[in-house]
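Just below is one structure, and these are the notes that go with it.
The values are calculated or read from the model by the stated rules, or taken from the named source; none is laboratory data. Every value quoted in this text rests on a predicted model; they were computed, and no experiment measured them. In this analysis, Cβ positions are derived from the backbone assuming ideal geometry, glycine residues included, and neighbour counts consider all displayed protein chains.
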Protein chains: 2
Amino acid sequence: MIEEMGPRARAAARVLRGAGAEQRSAAIRAIAGRLRARAGAILAANADDVAKATRLVDRLRLDETRLEAIAAAVEAIAGLPDPLGAEIARWQRPNGLDFARVRTPIGVIGMIFESRPNVAADAAAICLRAGNALILRSGADALASCLAIGEAIAAGLEEAGLAADCVQIVPTADRAAVGALLAGLGGSIDLIIPRGGRSLVERVEAEARVPVLGHLEGICHAYVHASADPAMAREIVVNAKLRRVSVCGATETLLVDRDAAPALLPPIAAALIEAGCELRGDAESRALVAEIGIAEEADWTAEYLAPILAVRVVGGLDEAIAHIARYGSGHTDAIIAEDARAAERFLAEVDSAITLWNASTQFADGGEFGFGAEIGIATGRLHARGPVGPEQLTTFKYQVRGTGQIRP
Amino acid sequence: MIEEMGPRARAAARVLRGAGAEQRSAAIRAIAGRLRARAGAILAANADDVAKATRLVDRLRLDETRLEAIAAAVEAIAGLPDPLGAEIARWQRPNGLDFARVRTPIGVIGMIFESRPNVAADAAAICLRAGNALILRSGADALASCLAIGEAIAAGLEEAGLAADCVQIVPTADRAAVGALLAGLGGSIDLIIPRGGRSLVERVEAEARVPVLGHLEGICHAYVHASADPAMAREIVVNAKLRRVSVCGATETLLVDRDAAPALLPPIAAALIEAGCELRGDAESRALVAEIGIAEEADWTAEYLAPILAVRVVGGLDEAIAHIARYGSGHTDAIIAEDARAAERFLAEVDSAITLWNASTQFADGGEFGFGAEIGIATGRLHARGPVGPEQLTTFKYQVRGTGQIRP
């Protein structure tokens, strides 16, 4: 059955590529409407999922408020600027040839995700905004919810005159379906987006035969430079760690310059501890703050997604950059500093998708970047890095206009 | 031994990322100088390769003129604008955060190529221009030549104060080395660029565990619309097929509109035949031109790279677009037409890396695009399509500058 989804997606992608921005907006709006209209069925299916779930129930659970938020998010994507057809560059050559680099859809995207059912609606809307067909494979936990959301998506597509095949949900949680998607469904899939834990991402990296836009974990760092303003450092670190601990842009390791650590670290640690955060540090940090526990080697690569923070004292900018290069995941890293030269070196030399100066790592989010919506934060190096919104789900082609030129 | 090349390339890439544009230009110029200075050794090594070769000797053979052309091409790359550090986009958000999307190197590139030894020098210069370290794996035919060129590259790098590890040549033609590169040398390779025939590209697609910038064959089409100017159509088709038959942008299939075929096809066919081209066509084209032989189904997907052209009569624009979608390779396709609406539909709907209107498919070349140099023509859909020059061998990161912002 999954084998048939590929050619159907490919055919739908061909139609979508020709569909105008307005028809795709209408489809996204219609999907929002159908999500609202089918709230009863979706919440009933979600109740089944929640009843069967053994873990992560909060991420899985929908209620009327959350479903309305999903519909509103979909509706917002209908209002985003359409990326397709935009000229990224245009130039002429001395022989009179006119070159345009124009945005086009990628084609068919295969997305594999775990337990948040809202991802199905978000991903469908973002893919339609970018003119891509989508095949979604939900984890077992959220399957009933996703199939119910998928029925709303299909109804919305048809209301706008587009084929339901534009967005297909794999109807089983069979793990063999993941393998078929990763093999590309016989040449039908142009890009795989995995969104889940490390075991999923590793399976994708080992088995995928098609390009992957990886969404690895976020081992994000906040580095307090010796020149940092103490109050700003405290406020940013507390926000970067604790605003929401379960997002990939949450800071997991705090680095503090040795010269300023006696003055800077104790008030930051006190604020974190007061807010309920557990600290695990190296010997130097523990010598400064008695409440800090012992960090093992594994703490430097831990994505806690919890109110726990690893703490290390470093001997300056170079050591901070080296620590991040060794232990980080290339996601998001911040420096807090008044010294602009140090900050600019950090921004230039830390090789992560997102580098920040005097701002919280929790800004690692497509909405905060002004992209309107995102499907996740890409941690690979090719095609797109950082927040992946509609524009990042496009590619381009060249249109060359001549008047009879031949090549000498 | 190849296992050690990965970490060495990774270390070299870290240094290269911080090296300024001028030092990288100096290294590229020094490589050009060393290629000239070592002409004797390189030509002697090439003579060994040629003596052992069993096929493709012309592509393999170097002489003083060709080696000087290689050195001059390398020198030209030293003069190209440096892509690194350029701001691709910059914007502010209402909270005062300042976002910059800045070009950075990809990191370590693994290139696997067959018998043209000039590729080693070109690829090294383009990768250095983009700040990437390179591991090159030559086919057995060109190995001695490439190792001799590699010694010139190493000497040039060291002359400019950069490590020879920035460009490493795999010293054996062992096929296991290809497997090790495709597996990513233990996380040391960021991108694989295969440049060779279909069997290489298929092995890469089956075995690669790292991102691939594929360079598939060029099944390029020239489509003569009923509105075409007859003289322009004849001139473009002859050039597109015959200017150089061995390049990937050479036209392999001619499509002609049924309504105008009786008037347009005979003079085009006569010009091609007079220039020594063999034609293989469908029944309709053979009814119009007696000299056209029979095309089999395999002719529609043949990359002849020879003076042979497949010919087909089609029932208009839609049929031409459908033929290209079914048989083409997404490389380069041209329409010859006076009807601007038909041409614009072709440019919009043909989903190839390069689409042309009233110009020869032989313009599929980075130099003709104004990129200064290219490593090949990418036929995949992600990251880069079409000519791959220094800019296409970069990625980007975000630099976010704040004044203490935390996320509400």
Could you figure out which of (1) free of Cβ contacts under 8 Å to residues at least 24 places away in the same chain; (2) buried (at least 17 other Cβ atoms within 10 Å of the Cβ); (3) more than 23 Å from the chain's Cα centre (by Cα) isn't true of residue A:231?
(2)
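When you scan the stretch B:1-118 for strands (runs of 3 or more DSSP E) that lie fully inside it, which ones turn up with 1 or more residues that are in contact with a Leu (Cβ under 6 Å, 6 or more places away or on another chain), modelled with pLDDT of 95 or more and assigned by TED's automatic domain parsing to the domain that holds residue B:193?
B:98-105, B:108-113
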Show the residue pairs that are 6+ apart or on different chains and have beta-carbon atoms under 6 Å apart, the first residue being within the stretch A:165-191 and over 20 Å from residue A:16 (Cα atoms), the second being part of a loop (DSSP other than H, G, I, E, B).
A:177/A:170; A:182/A:208; A:183/A:209
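Considering only residues that are of a type in the set (Gly, Ala, Ser) and within 18 Å of the chain's Cα centre (by Cα), look in the stretch B:189-212 and name the one that is surrounded by the most Cβ atoms within 10 Å (Cβ to Cβ).
Restricting attention to the stretch B:189-212, the residues satisfying the condition of being of a type in the set (Gly, Ala, Ser) are B:196-197, B:199, B:206, B:208.
With the extra rule that they be within 18 Å of the chain's Cα centre (by Cα), the set shrinks to B:196-197, B:199.
Values: B:196: 17, B:197: 12, B:199: 8.
Checking each candidate, the answer is B:196.
Report yes if residue B:353 is under 24 Å from residue A:400 (Cα atoms) and touching a residue at least 40 places away in the same chain (Cβ under 8 Å), otherwise no. Let's see the steps before the verdict.
Numbers: under 24 Å from residue A:400 (Cα atoms): yes; touching a residue at least 40 places away in the same chain (Cβ under 8 Å): no.
Answer is no for this residue.
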Residue check for residue B:104: without any contact (Cβ under 8 Å) to a residue 12 or more places away in the chain and under 25 Å from the mean Cα position of the chain (by Cα):
no
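Which residues, taken from the stretch A:239-287, are of a type in the set (Asp, Glu) and surrounded by fewer than 22 Cβ atoms within 10 Å (Cβ to Cβ)?
Within the stretch A:239-287, the subset of a type in the set (Asp, Glu) is A:252, A:257, A:259, A:274, A:278, A:282, A:284.
Listed by number, the residues that qualify are A:259, A:274, A:278, A:282, A:284.
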Yes/no for residue B:132 being crowded, with 24+ Cβ neighbours inside 10 Å, modelled with pLDDT of 95 or more and of a type in the set (S, T, N, Q):
yes
The residue that is farthest from residue A:375 (Cα to Cα), considering only those in the stretch A:213-224 that are within 14 Å of chain B (Cβ to nearest Cβ) and surrounded by fewer than 24 Cβ atoms within 10 Å (Cβ to Cβ), is A:216
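Filter the stretch A:80-128 down to the residues that are among the aromatic types (Phe, Trp, Tyr) and within 13 Å of another protein chain (Cβ to nearest Cβ) and list them by number.
Residues of the stretch A:80-128 that are among the aromatic types (Phe, Trp, Tyr), as a first pass: A:91, A:99, A:113.
Selection gives A:91, A:99.
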Please determine whether any residue of the stretch A:218-233 is of a type in the set (S, T, N, Q) and over 23 Å from residue A:299 (Cα atoms).
yes
Checked the stretch B:381-408 for anything more than 7 Å from chain A (Cβ to nearest Cβ) and either touching an Asp or Glu at 6+ places or on another chain (Cβ under 9 Å) or not acidic (Asp, Glu) (or both); matches are B:384, B:387, B:388, B:389, B:390, B:392, B:393, B:394, B:408
Looking at the structure I just gave you, is residue A:70 touching a Gly at 6+ places or on another chain (Cβ under 9 Å) and either among the β-branched types (Val, Ile, Thr) or surrounded by fewer than 22 Cβ atoms within 10 Å (Cβ to Cβ) (or both)?
no
Filter the stretch A:179-192 down to the residues that are touching a Gly at 6+ places or on another chain (Cβ under 7 Å) and more than 9 Å from every other protein chain (Cβ to nearest Cβ), then identify the one that is modelled with the lowest pLDDT.
A:186
Please find, within the stretch B:201-212, the residue that is farthest from residue B:251 (Cα to Cα) out of those that are within 12 Å of chain A (Cβ to nearest Cβ) and in contact with a strand residue (DSSP E or B) (Cβ under 6 Å, 6 or more places away or on another chain).
B:210
Within 13 Å of chain A (Cβ to nearest Cβ), in contact with a Leu (Cβ under 8 Å, 6 or more places away or on another chain), touching a residue at least 24 places away in the same chain (Cβ under 8 Å) and part of a loop (DSSP other than H, G, I, E, B), is that true of residue B:246?
no
Going through (1) more than 30 Å from residue B:240 (Cβ to Cβ); (2) assigned by TED's automatic domain parsing to the domain that holds residue A:83 one by one, residue A:395 fails only at (1)
Conditions (1) more than 25 Å from residue B:189 (Cα to Cα); (2) surrounded by fewer than 23 Cβ atoms within 10 Å (Cβ to Cβ) -> residue B:398 fails only (1)
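So if I check each of B:206, B:183, B:226, which one is over 26 Å from residue A:190 (Cα atoms) and among the aliphatic types (A, V, I, L, M)?
Values: B:206 fails: over 26 Å from residue A:190 (Cα atoms); B:183 fails: over 26 Å from residue A:190 (Cα atoms).
One residue alone meets the criteria, B:226.
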When residues of the stretch B:368-398 are limited to those that are more than 16 Å from residue B:113 (Cβ to Cβ) and of a type in the set (D, E, K, R), the one modelled with the lowest pLDDT
B:381
